[in-house]
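The values are calculated or read from the model by the stated rules, or taken from the named source; none is laboratory data. Quick caveat: nothing in here was measured; it's all calculated off a predicted structure. Cβ placement follows ideal geometry from the backbone for every residue including glycine, while neighbour counts extend to all protein chains displayed.
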Amino acid sequence: MSRRIRKAVFPVAGLGTRFLPATKTVPKEMLPIIDRPLIQYAVDEAIEAGCDTLIFVTNRYKHAVADYFDKAYELEEKLEKAGKLAQLEVVRNPLPPNVRAVFVTQTEALGLGHAVLCAKPVVGDEPFAVILPDDLIWNRGPGALTQMADAAEASGASMIAVQDVPHDKTDSYGIVATEDFADRQGRIRAMVEKPKPADAPSTLAVVGRYVLNPRIFALLESTTPGAGGEIQLTDAISALLAEEAVHAYRFRGTRFDCGTHIGLIEATIRYALDHEKLSEAAAAMMQSALDELGVRELE
Ligand code: UTP
């Protein structure tokens, strides 16, 4: 595998139960950080990495994701008439002209591995990316997927994004054991799902970015349901690394776990503090909220 990835898969068919009741009607991927939904950040990262085919694996309740990337005739007309040209521009071009969006339905939520497998007919026989939009990765330089796509193109290996986590948190993640780690990457020997700190082979945790060889599809097809009756992507990757090189890639950037309440709050605060127009007001507002809380604590 030394071709550049062109296709990115966004598995967005999960139920998002941690964000109920909001996710009863709003897909998790449509939750905003400031004024852009999580899916927009993920799509921008894929396009920056060179992807021109975006494959969304959705379910029948997730019309909002497809609608977001579709034309909104009535809204555009109203904005045009009102002379709101900046807003019109934002709404009119959700994707650059060379990029196409493809929607695939996962009829039953049978797991992340199954969702990726649903994209097989569109991906075909080439390396591709998988992005989990609720893992939001912020970096001042090239995005995480660009870094991984470059590394995959250079080495020909599949790439799994990893980050260091505190030793006492290994039981919340998939943890990798690698051979000699150099220049941000190392070949994976084994992946362990949520090991207790005492059993963890490292503190390198898998996060939601992958560049995968298409061989993964055959392995997913023969993967039997694992934890929770779901077809796990991790199980198929474990089978892949027994056959060929799969590297853990420690990306540059900060990852926010926006699949959790605190992660979404953290991302909102960080993006606000870094925002061109909002940073000053956001910092002042946070300071006064902290002061107020401090006063209350002293009382
Ligand atoms: P999560 O484990 O975060 O599950 O899935 P979830 O349903 O989205 O959220 P919670 O845990 O109930 O709050 C990881 C990724 O895999 C996708 C999800 O949309 C998410 O991007 N996924 C999961 C699918 O596309 N299909 C599935 O059957 C399961």
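Being assigned to a strand (DSSP E or B) and within 19 Å of the chain's Cα centre (by Cα) narrows it down to one residue among Val192, Val211; which is it? When all the criteria are applied, what remains is Val211. The condition of being surrounded by fewer than 22 Cβ atoms within 10 Å (Cβ to Cβ), more than 18 Å from the chain's Cα centre (by Cα) and aromatic (Phe, Trp, Tyr) does not hold for Tyr68. Among the residues of the range 224-240, just one is in a helix (DSSP H, G or I), away from the ligand (no atom under 14 Å from the Cβ) and polar (S, T, N, Q), namely Ser238. Within the range 253-295, the residues that satisfy the criterion of being surrounded by 15 or more Cβ atoms within 10 Å (Cβ to Cβ), within 16 Å of the ligand (Cβ to nearest atom) and not charged (D, E, K, R) are Phe256, Cys258, Gly259, Gly263, Leu264, Ala267.
Quick check on the range 95-115. Is at least one of its residues surrounded by 13 or more Cβ atoms within 10 Å (Cβ to Cβ), out of contact with any strand residue (DSSP E or B) (no Cβ under 7 Å at 6 or more places or on another chain), free of Cβ contacts under 8 Å to residues at least 60 places away in the same chain and closer than 30 Å to Asp274 by Cα? The answer is no; no qualifying residue exists.
Only one of the listed residues (Ile47, Ile55, Ile34, Ile5) is more than 16 Å from the ligand (Cβ to nearest atom), modelled with pLDDT of 95 or more, surrounded by 21 or more Cβ atoms within 10 Å (Cβ to Cβ) and not charged (D, E, K, R). That residue is Ile5. The condition of being crowded, with 20+ Cβ neighbours inside 10 Å, more than 16 Å from the ligand (Cβ to nearest atom) and over 26 Å from Gly228 (Cα atoms) does not hold for Ala144.
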